[in-house]
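What follows is one structure encoded as structure tokens, with my remarks underneath.
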Amino acid sequence: IKGLVVMSLELDKMYNAFLLNQVPELWPSFATRKPLMSFFKDFLFRVEFLRKWLFEGQPSVFPLQTFFFPQGFLTGVVQRHARKYKLPVDELTFQNSIINKESSELVEEPEDGVFMEGMFLEGARFNRETETMDQSLPNQMFTALPPVHLTPAVNFRPDTSVLFECPVYKTSDRQGVLSTTGLSTNFVLAITVPTGGVHPNVYIMLGTAALLNLDE
């Protein structure tokens, strides 16, 4: 801008992105649809979480949205469980339960699996009184999901007649491509949520999903 460096096409695009509060395409970035200011705050949050993990030890609850590749973290959880109990890793899948508490109340890590947070429901909400999935309230687009306890289990198959298999995506795009690892660049996993007598197809028709990163 001051004329000290020759303006290239890439620098010009970066400068225009700054003016429009957008993340420049030139920046290597994690999956996000946030504007530049929100992106920067989210970036600092991720760095601070990893710094605390490095210098203060493993946390009791993991904010899943902080990971560049959350599927890799979940694979590590499965491998640790397989080594601990001497189980074949290819037979392990995740079962989960919704912990109806605040993450600050979970001061100790679970004996098996991990506590996760940082997911937001779109198209429905988690009713903390009934501890089941429920319709969204008026003017409510997203609601925070309480911490989730993920536990590896051998060949676990959820009862889909009473449990809604809620897909978890990194962003609201709800689409991705297969990476070189064979995993989606956007879909992370599916968690099960009790429906309280409502058929799970209702929430499928509503397009209910959990997002790790909101657009704002």
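The values are calculated or read from the model by the stated rules, or taken from the named source; none is laboratory data. Computed from a predicted model, the values in this text were never measured in an experiment. Every residue, glycine among them, receives a Cβ derived from its backbone with ideal geometry; neighbour counts consider all protein chains shown. Accessible surface is based on the protein model in full, side chains and every heavy atom, while ligands, DNA and RNA are left aside. Shrake-Rupley method; radii C 1.70, N 1.55, O 1.52, S 1.80 Å.
Consider Asn16 against the criteria (1) among the polar types (S, T, N, Q); (2) more than 22 Å from the chain's Cα centre (by Cα); (3) open to solvent by 70 Å² or more (accessible area, probe 1.4 Å): it satisfies all of them except one. Which criterion is unmet?
Asn16 satisfies all of (1) among the polar types (S, T, N, Q); (2) more than 22 Å from the chain's Cα centre (by Cα); (3) open to solvent by 70 Å² or more (accessible area, probe 1.4 Å) except (3).
Residues Asp215, Asp159: which one is in a loop (DSSP other than H, G, I, E, B), charged (D, E, K, R) and in contact (Cβ under 8 Å) with a residue 40 or more places away in the chain? If you could, list the steps in order and put the result at the bottom.
Values: Asp159 fails: in contact (Cβ under 8 Å) with a residue 40 or more places away in the chain.
Unique residue meeting the criteria: Asp215.
Collect the residues in the range 186-208 that are open to solvent by less than 10 Å² (accessible area, probe 1.4 Å) and either among the β-branched types (Val, Ile, Thr) or closer than 13 Å to Gln135 by Cα (or both), keeping them in residue-number order. So that I can check it myself, show each step before the final result.
We begin by selecting, within the range 186-208, every residue open to solvent by less than 10 Å² (accessible area, probe 1.4 Å); these are 186, 191, 193, 195, 200, 203, 208.
Correct list: Ile191, Val193, Thr195, Pro200, Tyr203, Thr208.
I need the full set of residues from the range 162-205 which are modelled with pLDDT of 90 or more and more than 16 Å from Met119 (Cα to Cα), in order please.
Selection gives Val162, Leu163, Pro194, Thr195, Val198, His199, Pro200, Asn201, Val202, Tyr203, Ile204, Met205.
Would you say Gly207 is within 29 Å of Arg80 (Cβ to Cβ), within 20 Å of the chain's Cα centre (by Cα) and small (Gly, Ala, Ser)?
no
Just the residues that are surrounded by fewer than 17 Cβ atoms within 10 Å (Cβ to Cβ) and farther than 17 Å from Gly196 by Cα, please, taken from the range 96-126.
So in the range 96-126, the residues surrounded by fewer than 17 Cβ atoms within 10 Å (Cβ to Cβ) come out as 97, 100-102, 104-105, 107-112.
Lys101, Glu102, Ser104, Glu105, Val107, Glu108, Glu109, Pro110, Glu111, Asp112, listed by residue number.
Any idea how many residues of the range 43-69 are assigned to a loop (DSSP other than H, G, I, E, B), open to solvent by less than 90 Å² (accessible area, probe 1.4 Å) and either of a type in the set (Asp, Glu) or touching a Phe, Trp or Tyr at 6+ places or on another chain (Cβ under 8 Å) (or both)?
Start the filter on the range 43-69 by keeping residues that are assigned to a loop (DSSP other than H, G, I, E, B), which leaves 57-60, 67-69.
With the extra rule that they be open to solvent by less than 90 Å² (accessible area, probe 1.4 Å), the set shrinks to 57-60, 67, 69.
Then keep just the ones that are either of a type in the set (Asp, Glu) or touching a Phe, Trp or Tyr at 6+ places or on another chain (Cβ under 8 Å) (or both); that gives 59-60, 67.
Qualifying residue count, the range 43-69: 3.
Out of the range 132-146, which residues are out of contact with any Pro (no Cβ under 9 Å at 6 or more places or on another chain) and either open to solvent by less than 30 Å² (accessible area, probe 1.4 Å) or in a loop (DSSP other than H, G, I, E, B) (or both)?
From the range 132-146, those out of contact with any Pro (no Cβ under 9 Å at 6 or more places or on another chain) are 134-146; that's our starting set.
Gln135, Ser136, Leu137, Pro138, Asn139, Gln140, Met141, Thr143, Leu145, Pro146 - these are the residues of the range 132-146 that are out of contact with any Pro (no Cβ under 9 Å at 6 or more places or on another chain) and either open to solvent by less than 30 Å² (accessible area, probe 1.4 Å) or in a loop (DSSP other than H, G, I, E, B) (or both).
Being among the aromatic types (Phe, Trp, Tyr) and in a loop (DSSP other than H, G, I, E, B) is the filter here; which residues of the range 1-42 pass it? Lay out the reasoning, then the answer.
Filtering the range 1-42 for residues among the aromatic types (Phe, Trp, Tyr) gives 15, 18, 27, 30, 39-40.
Those that are among the aromatic types (Phe, Trp, Tyr) and in a loop (DSSP other than H, G, I, E, B): Trp27, Phe30.
Restricting attention to the range 71-82, does a residue exist that is within 24 Å of Phe187 (Cα to Cα), touching a Phe, Trp or Tyr at 6+ places or on another chain (Cβ under 6 Å) and either modelled with pLDDT of 95 or more or in a loop (DSSP other than H, G, I, E, B) (or both)? Let's see the steps before the verdict.
Here is the first cut: in the range 71-82, the residues within 24 Å of Phe187 (Cα to Cα) are 71-82.
Narrowing the set further to residues that are touching a Phe, Trp or Tyr at 6+ places or on another chain (Cβ under 6 Å) leaves 73.
Remaining after also requiring either modelled with pLDDT of 95 or more or in a loop (DSSP other than H, G, I, E, B) (or both): none.
The answer is no, given that none of the residues of the range 71-82 is within 24 Å of Phe187 (Cα to Cα), touching a Phe, Trp or Tyr at 6+ places or on another chain (Cβ under 6 Å) and either modelled with pLDDT of 95 or more or in a loop (DSSP other than H, G, I, E, B) (or both).
Which ones in the range 70-95 are over 19 Å from the mean Cα position of the chain (by Cα) and open to solvent by less than 50 Å² (accessible area, probe 1.4 Å)? Walk me through how you get there before you give the answer.
Narrowing the range 70-95 to residues over 19 Å from the mean Cα position of the chain (by Cα): 79-92.
Scanning the range 70-95 gives His81, Ala82, Leu92.
Counting just the residues of the range 147-180 that are touching a helix residue (DSSP H, G or I) at 6+ places or on another chain (Cβ under 6 Å) and either of a type outside the set (Val, Ile, Thr) or over 30 Å from Val107 (Cα atoms) (or both), which one comes out surrounded by the fewest Cβ atoms within 10 Å (Cβ to Cβ)?
Of the residues in the range 147-180, the ones touching a helix residue (DSSP H, G or I) at 6+ places or on another chain (Cβ under 6 Å) are 147, 152, 154-155, 164.
Applying the additional criterion that residues be either of a type outside the set (Val, Ile, Thr) or over 30 Å from Val107 (Cα atoms) (or both) yields 147, 152, 155, 164.
Values: Pro147: 25, Pro152: 24, Asn155: 7, Phe164: 23.
If we take residues in the range 147-180 being touching a helix residue (DSSP H, G or I) at 6+ places or on another chain (Cβ under 6 Å) and either of a type outside the set (Val, Ile, Thr) or over 30 Å from Val107 (Cα atoms) (or both), then Asn155 is surrounded by the fewest Cβ atoms within 10 Å (Cβ to Cβ).
Being open to solvent by 90 Å² or more (accessible area, probe 1.4 Å) and under 20 Å from Asn186 (Cα atoms) is the filter here; which residues of the range 28-42 pass it? Steps first, please.
Looking only at the range 28-42, we keep the residues that are open to solvent by 90 Å² or more (accessible area, probe 1.4 Å), and these are 28, 33, 37, 40-41.
Once the filter is applied, which keeps residues that are open to solvent by 90 Å² or more (accessible area, probe 1.4 Å) and under 20 Å from Asn186 (Cα atoms), the range 28-42 yields Pro28, Arg33.
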